[in-house]
Structures are given as C-alpha cells and as structure tokens.
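Structure provided below as structure tokens; questions to follow.
The values are calculated or read from the model by the stated rules, or taken from the named source; none is laboratory data. Since the structure is predicted, the reported quantities are computational estimates derived from the model, not experimental observations. Heads up: the accessible areas ignore ligands, DNA and RNA and are worked out on the full protein's heavy atoms, side chains in. Shrake-Rupley method; radii C 1.70, N 1.55, O 1.52, S 1.80 Å.
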Amino acid sequence: MEYITELVNKSTELIASGGLIVGFLLVLLEAFLPMLPLGVFVSLNINAFGFFSGILISWIATIIGSYTAYLFFYFISTKFIYKFLKSKTIAKIDKQIQKFNNISFTNLVLILTLPFTPSCFINLLAGMSNMSKEKYLLSLIIGKAFMITFWGYIGKSFIESMTDPKAIIFIGLILLIAYIISKIVSKKMNIE
C-alpha cells in the first residue's frame with residue numbers, strides 16, 4: 001500500500017511539474033492507445049491541478065483526442081483501407097458498420113458516458129461508419145463530460161466502485177442526466 005501511495009505522489013508531482021500540457025497529453029493519447037488507463041490519468045490530473053481544473057483539462061483532452069481519432073479513422077478507411085479490400089469484403093464490413101452508423105444520438109451519448117467503454121473502438125467504428133461529424137462531436141461533448149466526472153469522483157478500481165453503494169447511485173444519476181441532456185439536444189439540433 002505504501003508503494004502505491006508513493007507511486008501516486010511521484011506521478012502527481014511529475015504531472016504537476018510538467019504543467020497542464022503533460023496532463024492534457026496523457027488523456028489525449030488514451031483516445032488512440034486503449035491500453036492507457038484513462039481513469040488513472042484523470043485522477044492524477046485532479047491530484048495535480050485540483051478537482052475542477054483536473055476535470056476540465058481531462059474533458060477537453062478526451063474530446064480532442066477522441067474526435068481526432070475519429071477523423072483519423074474516417075480518413076484512413078476512405079483513403080486506404082477500402083482501396084486494398086475486395087468488394088465482397090467491403091460489403092460485409094459496410095453492413096456491420098452501418099448498424100453502428102444508425103445508432104441514435106441518445107444511445108451514442110450513453111455509450112460514451114459509460115466509463116468502461118473502449119473509447120478507441122468507438123472512435124474507430126464512428127470514423128469507418130462515416131457518421132456525421134456534428135453528431136459525433138456533440139455526443140462526445142455530452143458523454144465525455146459525464147464519463148470524466150465519473151472518473152474524477154470515483155478514482156478507484158472497477159471492483160471497489162461496483163461495491164460502493166454511493167458509486168452505483170452516482171453512476172445511475174450520471175446516466176440519467178446524460179440521457180435527459182442527449183434527448184434535449186437531439187430534439188433541439190434535430191439529430192437522430
């Protein structure tokens with residue numbers, strides 16, 4: 001336990017000494033490298049910069065990272081990947097990806113709100129499905145706000161979070177609020 005505390009303190013010092021850029025870049029990279037622990041980076045940003053600043057830095061970084069990854073996958077799927085595949089293979093891939101493209105705005109927001117959703121995989125699917133840029137960006141803005149807030153609030157492992165009644169209630173409230181906001185935005189912006 002002492003080793004973990006020391007590791008957290010050293011990591012927090014390292015991020016704080018590097019300034020906002022280091023905390024920002026760590027979260028941004030997670031959108032491309034799914035093996036990086038987003039929850040740990042958010043927690044370290046909060047330890048280094050305070051709750052609200054840490055949440056804000058992490059939220060902006062994850063939106064930029066996820067949207068950049070989406071654009072990257074969109075570009076390589078249309079410019080490179082499809083050029084090397086046979087038409088039968090493309091038809092099979094397109095059939096599966098179109099199912100994701102038809103996902104409702106509200107459901108996309110809820111998927112992005114869930115703290116354990118693999119962000120890189122969602123960015124890949126959205127990019128390859130040619131999902132509307134506006135739809136994906138708005139869903140990122142709403143969904144990631146709640147997901148980052150969850151990580152900031154919890155800052156624990158999955159098992160500990162799921163056994164803490166307050167954490168379970170908090171997750172339920174986050175999903176409910178994200179659902180309500182996504183419905184309002186969907187109606188106002190006329191996004192399906």
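Considering only protein heavy atoms, what per residue accessible area in square angstrom results for the range 18-58 with a 1.4 angstrom probe?
So the range 18-58 comes to 47 Å² accessible per residue, rounded to a whole number.
Which log10 I(q)/I(0) values, to two decimals, does the range 68-126 give at q = 0.29 Å⁻¹ under the Debye formula with one point per Cα?
Log10 I(q)/I(0), no solvent term: -1.24.
Cα atoms only, the range 11-58: Rg and Dmax in Å?
Calculated on Cα positions, Rg and Dmax stand at 9.5, 26 Å.
Give 95/133; 86/187; 88/133; 92/133; 86/183 a once-over and call out the pairs whose C-alpha atoms are over 32 Å from each other. Show your work: numbers first, answer last.
On the way: 95/133 20 Å; 86/187 40 Å; 88/133 27 Å; 92/133 23 Å; 86/183 40 Å.
Beyond 32 Å between Cα atoms: 86/187; 86/183.
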